[in-house]
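Enquirer: Next up is a structure, given as structure tokens.
The values are calculated or read from the model by the stated rules, or taken from the named source; none is laboratory data. Note that the coordinates shown come from a computational prediction; the quantities given were computed from them, not determined experimentally. Reconstructed Cβ throughout: ideal geometry from the backbone, glycine too, with neighbour counts over all protein chains shown. Just the protein is used for accessible areas: all its heavy atoms, side chains included, with ligands, DNA and RNA removed. Shrake-Rupley method; radii C 1.70, N 1.55, O 1.52, S 1.80 Å.
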Amino acid sequence: MEHLLVNLFHELALKGENRPLFLKKAKAHVKRALKGLEARLEAQWPMALLFRLPQGAWPEAAARLSATLGVETFAKVLRLPPDLKAIEAALAKALEGESFATFRVTAKRTDKTFPLTSPELERRLGAFIQERTGAKVRLKGAEREFVVRILPGAALLEVARHPGPGGLPPGVSGKVVALLSGGIDSPVAAYRLMRRGAEVVLVHFHPFPLLSGASREKARAIAERLARFQHRVRLHLVPFSEVQRRIILEAPKAYRVVLYRRYMLRLAEAVAKEEGALALVTGDSLGQVASQTLENLYVVNQAATLPVFRPLIGLDKGEIVKEAQKIGTYPISILPDEECCTLFAPKHPVTRAELSVVLDTEARLPTEELLELALKDREVALFTWPGRKALEEGASRAFIMEHGPA
């Protein structure tokens, strides 16, 4: 058997009277991440969980926890008798084949009946390691750290520690609806809200059947990837071609994209009301493209009554690409597809839209009819990770599919 120690993100310790709720959500999220691995919870502390794993389960557990929000670090540990000789023997075995120039020892003594204080234990074990390796002690920036925890009836020795993604567990910060295009930016924006503890529902607008269903499949692939962080992700796939067709007939050519985006916000807000979400999320970055000038964002925002969060607003493209690569959505986002906003887009779109022109155009459009039509013909897909879980009741008029991991 192997043992796994999960340290929850330190930010949870800053919470006040609602800390128990945050910790309950974090622990449940970790347990779901380990689902199917026969992990058994052996002990828990306010900010840490100790699991026993079957032999050989560590690599898969480590891969899952590396994407589990709310986890600060996780470590493979040896559970030993609370005895100095036993700890030294385990350390000697762990040192076999290792090579490092500097190290430090961190001891955390919960059981105050242990005969050595934490500083005394650190000095004894540091001398033990130095004698066998010749490495130097360095308290800051050490190449290798050995962590020992003295608990009532047991000692834990970390033999391999890894960083988690940090953040807060899903659901502790309410629910939001994120507009998901086929590009690089919007998945990163959705992830950033997930990392702050919001449960994110995704909405993708596609031009099928006017064009192929490539963008729908791409949106599914991105949603499946994002499910690794949230574990359950609902994706609303909304046909947008009829809305676009009517806008093209009525709107000045330069205003098409601005009007597309206003109708997308209205549809996303309708989904948010169904889902009980309190805000919308977009991947806008100020000035990145014509539709994201301050004037255009102002005009687009007027179509929504819910708050619109733009977590990437101050980032440049390079920063966004780097984060997309980190979370694994970049290779999917760069695949070719046919996006709604690029369909029939003008060569010279307006960069300083006037609200009066937009409102005059929309007065000639059957807005309520178009919104109802798009929502009626949508699909809703549920993505779960790891493994499958029973479907929840979805939108009353939407066909629902479930997807597990690939």
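Enquirer: For n ≥ 4 DSSP H runs only, could you compute -39500 (n - 2.57) per run for the chain, divide by its residues and tell me the 222 nm figure to the nearest 500? Don't skip to the answer; put the middle values down first.
Expert: On the way: 13 runs with 150 residues, N = 406.
Per the formula, -11500 deg cm²/dmol.
Enquirer: Over 22 Å, how big is the tail of the calculated P(r) for the stretch 42-168, in percent of all Cα pairs? Spell out each step's value before the answer.
Expert: Details: 3165 of 8001 pairs.
Above the 22 Å cut-off, the stretch 42-168 has 40 percent of its Cα pairs.
Enquirer: Expected output is a single nm value to one decimal: the length gained when fully extending between E145 and I334, i.e. 0.36 nm times separation in residues minus the C-alpha distance. What is it? Please list the in-between numbers first.
Expert: On the way: separation 189, 0.36 × 189 = 68.04 nm, distance 3.93 nm.
Contour length minus the Cα-Cα distance gives 64.1 nm.
Enquirer: For the cross-link pairs K218/K322; K322/K376; K317/K347, which exceed 26 Å when the distance is taken from alpha carbon to alpha carbon?
Expert: K322/K376
Enquirer: How large, in percent, is the carbon and sulfur part of the accessible surface of the chain at a probe radius of 1.4 Å? Kindly include the intermediate steps, with their values, before the conclusion.
Expert: Values: 10020 of 18590 Å².
In the chain, the share of accessible area belonging to carbon and sulfur is 54 percent.
Enquirer: Let me ask you something else. Sorted by average packing, counted as other Cβ atoms within 10 angstrom per residue and highest first, what order do 146-156, 193-203, 42-52 take?
Expert: Working: 146-156: 19.2, 193-203: 23.5, 42-52: 16.7.
Peptide ranking by packing, descending: 193-203, 146-156, 42-52.
Enquirer: Beta carbons within 10 angstrom, averaged per residue: use that to sort the peptides 95-102, 225-232, 283-290, highest first. Before the final figure, lay out the partial values.
Expert: On the way: 95-102: 11.8, 225-232: 22.4, 283-290: 18.4.
In descending order of packing, they fall as 225-232, 283-290, 95-102.
Enquirer: Can I ask one more? Packing-wise, with mean Cβ within 10 Å as the measure, how do 352-362, 58-68 rank, highest first? Walk me through the intermediate numbers first.
Expert: Values: 352-362: 15.1, 58-68: 16.8.
The densest-packed peptide leads the list: 58-68, 352-362.
Enquirer: Straight-line reach from K31: which lysines have Cα under 22 Å away, leaving out those fewer than 8 places along the same chain?
Expert: K31 reaches K15, K76, K175, K389.
Enquirer: Subtracting the Cα-Cα distance from 0.36 nm times the residue separation, let me have the gained length for L373 to R232 in nm, one decimal. Before the final figure, lay out each step's value.
Expert: Values: separation 141, 0.36 × 141 = 50.76 nm, distance 2.72 nm.
This chain segment gains 48.0 nm when fully extended.
Enquirer: While we're here: What list of ³J(HN,Hα) values in whole Hz, one per residue of the stretch 305-320 in order, does the Karplus curve 6.51 cos²θ - 1.76 cosθ + 1.60 (θ = phi - 60°) give from phi, with Gly and Pro shown as x?
Expert: Result, rounded to whole Hz: 9, 7, x, 10, 8, 10, x, 9, 4, x, 9, 8, 4, x, 5, 5.
Enquirer: Something else now. Suppose we look only past 11 Å in the calculated P(r) of the stretch 95-135. What percent of the Cα-Cα pairs does that tail hold? Don't skip to the end; give the middle numbers.
Expert: Numbers: 531 of 820 pairs.
Looking at the stretch 95-135, the distances longer than 11 Å represent 65 percent of pairs.
Enquirer: Reachable aspartates and glutamates from K85, Cα under 20 Å, same-chain residues fewer than 8 places away excluded?
Expert: Leaving aside aspartates and glutamates fewer than 8 places away in the same chain, those within reach of K85 are E96, D111, E120, E122, E131, E145, E158.
Enquirer: Per residue, how many Å² of accessible area does the chain show with a 1.4 Å probe?
Expert: 46
Enquirer: Alpha carbons only, please: Rg and Dmax for the stretch 253-309, in angstrom.
Expert: So, for the stretch 253-309, Rg and Dmax equal 11.4, 36 Å respectively.
Enquirer: In addition: Can you give me the P(r) profile for the chain? Cα pairs, bins 10 angstrom wide beginning at 0, each as a whole percent.
Expert: The percentages, shortest bin first, are 4, 20, 26, 19, 13, 10, 6, 2, 0.
Enquirer: Additional query: Any idea what the dipole of the stretch 76-180 comes to, in debye rounded to 20, about its Cα centre with Lys/Arg Cβ at +1 and Asp/Glu Cβ at -1? Let's see the in-between values first.
Expert: Numbers: 18 positive and 11 negative charges, 48 e Å.
Dipole magnitude for the stretch 76-180 comes out near 240 debye.
Enquirer: To test your reading of the geometry: what angle, between 0 and 90 degrees and rounded to tens, separates the Cα axis of helix 84-95 from the longest principal axis of the chain?
Expert: Rounded to the nearest ten degrees, it is 60.
Enquirer: Between E96 and L84, what length comes free when the chain is fully extended (0.36 nm per residue of separation minus the Cα-Cα distance, one decimal in nm)? Could the numbers behind the result be given before it?
Expert: Details: separation 12, 0.36 × 12 = 4.32 nm, distance 1.88 nm.
Here the answer is 2.4 nm.
Enquirer: What Kirkwood radius, in Å to one decimal, follows from the Cα pairs of the stretch 108-208? Display every interim value, and only then the final one.
Expert: Details: mean 1/r = 0.0552 Å⁻¹.
After inverting the pairwise mean of 1/r, the radius is 18.1 Å.
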